[in-house]
Amino acid sequence: MIKAILIFNNHGKPRMSKFYEHYTEDTEQQIIRETFHLVSKRDENICNFLEGGLLIGGSDNKLIYRHYATLYFVFCVDSSESELGILDLIQVFVETLDKCFENVCELDLIFHVDKVHNILAEMVMGGMVLETNMSEIITQVEAQGKMEKSEVRAAPLSYLLEF
Amino acid sequence: MPAVSKGDGMRGLAVFISDIRNCKSKEAEIKRINKELANIRSKFKGDKALDGYSKKKYVCKLLFIFLLGHDIDFGHMEAVNLLSSNKYTEKQIGYLFISVLVNSNSELIRLINNAIKNDLSSRNPTFMCLALHCIANVGSREMAEAFAGEIPRILVAGDTMDSVKQSAALCLLRLYKTSPDLVLMGEWTSRVVHLLNDQHMGVVTAAISLITCLSQKNPDEFKTCVSLAVSRLSRIVSSASTDLQDYTYYFVPAPWLSCKLLRLLQCYPPPEDGAVKGRLVECLETILNKAQEPPKSKKVQHSNAKNAILFEAISLIIHYDSEPNLLVRACNQLGQFLQHRETNLRYLALESMCTLASSEFSHEAVKTHIETVINALKTERDVSVRQRAADLLYAMCDRSNAKQIVAEMLSYLETADYSIREEMVLKVAILAEKYAVDYSWYVDTILNLIRIAGDYVSEEVWYRVIQIVINRDDVQGYAAKTVFEALQAPACHENMVKVGGYILGEFGNLIAGDPRSSPLVQFNLLHSKFHLCSVPTRALLLSAYIKFINLFPETKSTIQEVLRSDSQIRNSDVELQQRAVEYLKLSSIASTDVLATVLEEMPPFPERESSILAKLKKKKGPGAVSVNELEEGKREAGELNGGGERGGDSSAISTPSPSADLLGLRAGHPVTAAAPSAGSLLVDVFSETGFIHYGRLMLLIFLRTHERTITKPVPFLAVPACLSASHTLLSLALRFVCKNNGVLFENQLLQIGIKSEYRQNLGRIYLFYGNKTSVQFVTFTTTLNVQSKPVEPLIEGGAQVQQVINIECLTDFSDAPLLNIKFRYGGALQNLTLKLPVTINKFFQPTEMASHDFFQRWKQLSQPQQEAQKIFKASHAMDTEVLKAKLLGLGMALLENVDPNPENFVCAGVIQSKAQQVGSLLRLEPNAQAQMYRLTVRSSKDTVSKRLCELLAEQF
């Protein structure tokens, strides 16, 4: 099972976090900090797996991560998941974001955090993988996008100007 | 076309986010956020009803603020309102907010459930998916109660859209995990299993997680999934890389699903049906063959996906452990990976090889890679990989390569990362003991261990080396010589001083012939370390000194001088002071014969399972140490001391009971001569003096009880002194089931306080007899129905005397020992019988375990006589904290997040008795409405379950 999915940048600023087990808000923030601490001090080109931090279950859990440009994508999983499989899943997630946002960058994650959550929800649900097929995921996200557009178009113009 | 266009979001939100990003300081950011929060709060509270769009916008801002790491304590209601909107965007933001911010205990769940119910019956697949996601995210008990019946129906209905089916499968899985009792699969089982045949691969992907989980819990009901999984796997494996279209990932057909299918098969033994098995073996061979084919793409994703399948296939082969042919191929494949340039593959290969090493078919094959693995330990840049290499070395170690491996691990220890040192130390200690043929090598290894990583050498490790030295007289001289040399180092670790003190105290005479290590030189060497040591070590050294007086009469005056010095005899630490006083007295009044008897060499320890192994198991957590290792550990432990190399100590009992052996050390050696008496408890009055043999302690005790009359003013009460009748106060003992200290008995004359401590199967009780009157109690005697030693026969008015009772639990029992107290108070004979509050639960050792392990063990203890259950009325207020405190006082581990119902309590512990260990599990279900409890206890011994249940039923 996937326990948590964390995205933070090279300075440890969280860009998205999703926990599939209940923790208090404080613990969640601590987990993010601890994970960043563990992951960021590692060299590039060494292995992508390491034992989880103490807060998230220590050696029973693994952190599987990839580093893309300014962002770390970290999946915390238990022993029932295949490490390489999760690595592929991270790749699928990132490629999907890339397609949905046209060359995704950190700013997209900041301004559209709700959409990032939606895309993730098409892949992972309650900590288990729902879909791995990228075109299927994108189809779903596009369908949502269309619905959204039609609703925005139907809304009075003033909404777009107002704050 | 981009699916998410950037322009059409909410403008206000984008402006707000930009503002935050432009903040120059944390303070500015907080200020901006507080301003926004105030704004939103006023909008929500304002008179003007907000329309859906505004609500959505503000809820979205709150969400963003939350994701920045700030607390959000309002807006939940507005989010719930959004759920009933018929606009997708509004509904979706509402659900998102709830998924992220609402936890399962929220009071809003009822409202949320209503909205979910509507969406589930809407037949709009998008809305249904949103609702299912929300259930899976929150996953509370109330949600399970509301929807556990409905979701299986959605999952198997013929007209359900594929995307909804996928969500329904995972939603059901989540509910099953949180509330297994509410998800009844019975009638759906077969239809759920057949989802493995579904046309849509996405449905299979989602369903397989559900099926795997259900199979783990109910393997028999779901075993039809094996043949379906095999045929699905075979279709994927044999398909061309383009057959599965979108499920082909970088030229690998459906890698994720293949991995999951292989995992599912690992829940079961090899298929019995020959045809199915043949097909599966064919699949596994194909996967192994493909690994040798040239890659279809140079991209790392391609090899990743391919290898993901390969590693799972290897895991399955190892799990079956029945196809020597495949096992050897797997081992060769992993051997290739050990030298692969991809670090990930080296890591995984080391990890898989670890499990492979325990198979008898492949153990030898794994061993051929020893040089590569040692090299990995030395040269890998990545600590995760080095750790795996160390694990593998441990797993592949046997008699033939132990010396090499231990040497490598020791030299690695000098530079090892701090985080893994303690585990490394334990592993080295275990290997050294397990494969020691030559005990001087063993002693050298452990002393090296203390030298290199003294801080990480736990008590268990140094206790163990002492046990072994004591049990084997062929190594004692060598050990004495080696510690003596090791202590010469100017800075040596305190653990070295402990070992040195103990061993020289016992066997210093073996090296005393050499003038370079004459008795006085030995003593001065030890004493030069004394002042740098902690109190427990000093206490041990004092015991070593008194032993020296016996071993070497010529050191007597020097040592007496030391004991007599103010820094000892007036030491502020009670234990040190007491030892100094007693030892001084002992050395001056006892004759040489008596001294020789009291201070004789320790007898051999009974052989039990290595306490170090137990510690490693504990450290690794349940399940982390394979059964193989455990079994092997026992076998090897037997070999070590019971083996044919030396006949002398074969009398040592070699029943390996997994209990830490330090007991033997701490309280001396339990006497076997005393017959187990009523209640199977051996109760005796004696006091701890480190490593002085129990049987010869009587004299010391005598000295001690005569020296300790503590005068302590007790509030004076004028009492009519006429309590001559015999009081039998048996039920009082029940108050001490969940606590260890307090007032055991009090009347107008006498107050008896009790302080008790328990460790493993040993306990010590201090009884304090306080005279509340101003008159003496004379001929004060106490009698235990087991065995008794005299207590001070006279208690002055207002004074208190102490009695110490040491206890060992031999086997489980239900009757507590009786203590009879008689004394004369102003001529009238007082007679009192008390039950000592010694109950079976005092010998609990708490056991932490995860939910999965708990239920597995619970299931294993399912014979009717193993369970005892009571339903009873609450006799105290049902306060959670009080209940927790009581359960903790019981001595078991209170396990959090195990019982799906948070109201319930579950505990686990092992009762340590000399004869055996009894694992016990407990579940307490309070019913606040009825003010009743249901208590269920399961343990491996029926009498224990029954007794625990009786004891506890009185406590709540």
(request) Enumerate the lysines that B:LYS24 could reach by cross-link, defined here as Cα to Cα under 22 Å, with residues fewer than 8 away along the same chain left out. (result) A:LYS13, B:LYS35, B:LYS61
(request) Apply the Karplus parameterisation 6.51 cos²θ - 1.76 cosθ + 1.60, with θ equal to phi minus 60°, to every residue of the range B:508-518 and state each ³J(HN,Hα) to the nearest whole Hz, in sequence, with x for glycine and proline. (result) x, 4, 5, 10, 6, x, 6, x, 6, 10, 5
(request) Between the alpha-carbon centers of the range A:91-149 and the range B:336-367, tell me the distance in whole angstrom. (result) 37
(request) State, as an integer percentage, the relative contact order of the range A:2-159 based on alpha-carbon contacts under 8 Å between residues 6 or more apart. (result) 20
(message) Within 10 Å, Cβ to Cβ, of B:LYS306, how many net charges do the neighbouring residues add up to if Lys/Arg are +1 and Asp/Glu are -1?
(response) +1
(message) Angle check, please: helix A:25-40 long axis (alpha carbons) against the longest principal axis of chain A (alpha carbons), in degrees 0 to 90, nearest 10.
(response) 70
(request) Output the Kirkwood hydrodynamic radius of the range B:170-219, Cα pairs only, in Å rounded to one decimal. (result) 11.1
(message) Output wanted: per-residue J couplings in Hz (rounded whole) for the range B:463-471, from phi through Karplus 6.51 cos²θ - 1.76 cosθ + 1.60, θ = phi - 60°, x for Gly and Pro.
(response) 4, 5, 5, 5, 4, 5, 5, 5, 6
(message) Over 10 Å intervals from 0, what percent of Cα-Cα pairs in the range B:230-291 sits in each interval?
(response) 22, 54, 21, 2
(message) What whole-number volume per residue, in cubic angstrom, does the convex hull of the C-alpha atoms of the range A:2-159 give?
(response) 130
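Values quoted throughout were computed directly from the atomic coordinates according to the rules given, and no laboratory measurement underlies them. Owing to the predicted nature of the structure, the values given are computational and were not obtained by experimental measurement. FYI the Cβ positions are ideal-geometry reconstructions off the backbone, even for glycines, and counts take in every protein chain you see.
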